[in-house]
Amino acid sequence: MAASSRAQVLRLYRALLRESQRFSAYNYRTYAIRRIRDAFRENKNIKDSEKIEELVNKAKANLEVIHRQV
């Protein structure tokens, strides 16, 4: 993975975790954090740049959803 792509993924990961911390309900907050961590761990070994780009776009969409719900 290119360094810029890796940095982009890490920024997105931190943004998702940070935004999930803003859920007021404990159950929503812990569920969101657990799902984010699990999803990133599950996909950490993917090398295909097209698949990475697809996953990044999906994560950005999920970040927008979390932002609206908070």
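Here are the numbers for this structure:
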read-out	value
In Å², nearest 10: area of GLU54 left accessible to a 1.4 Å probe	110 Å²
1.4 Å probe accessible area per residue over the chain, in Å²	78 Å²
Extension gain from TYR28 to ALA7, taking 0.36 nm per residue of separation minus the Cα-Cα distance	4.8 nm
Estimated dipole of the chain in Debye, rounded to 20 [Cβ of Lys and Arg +1, of Asp and Glu -1, Cα centre]	320 debye
Sulfur and carbon atoms: percent of accessible area, the stretch 6-68 [1.4 Å]	48 percent
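The values are calculated or read from the model by the stated rules, or taken from the named source; none is laboratory data. None of these values were measured; they are calculated from a predicted model. Cβ coordinates were reconstructed from backbone atoms using ideal geometry, including for glycine residues, and neighbour counts include every protein chain displayed. Just so you know, the surface numbers come from the protein's heavy atoms only, side chains and all, with ligands and any DNA or RNA stripped out. Shrake-Rupley method; radii C 1.70, N 1.55, O 1.52, S 1.80 Å.
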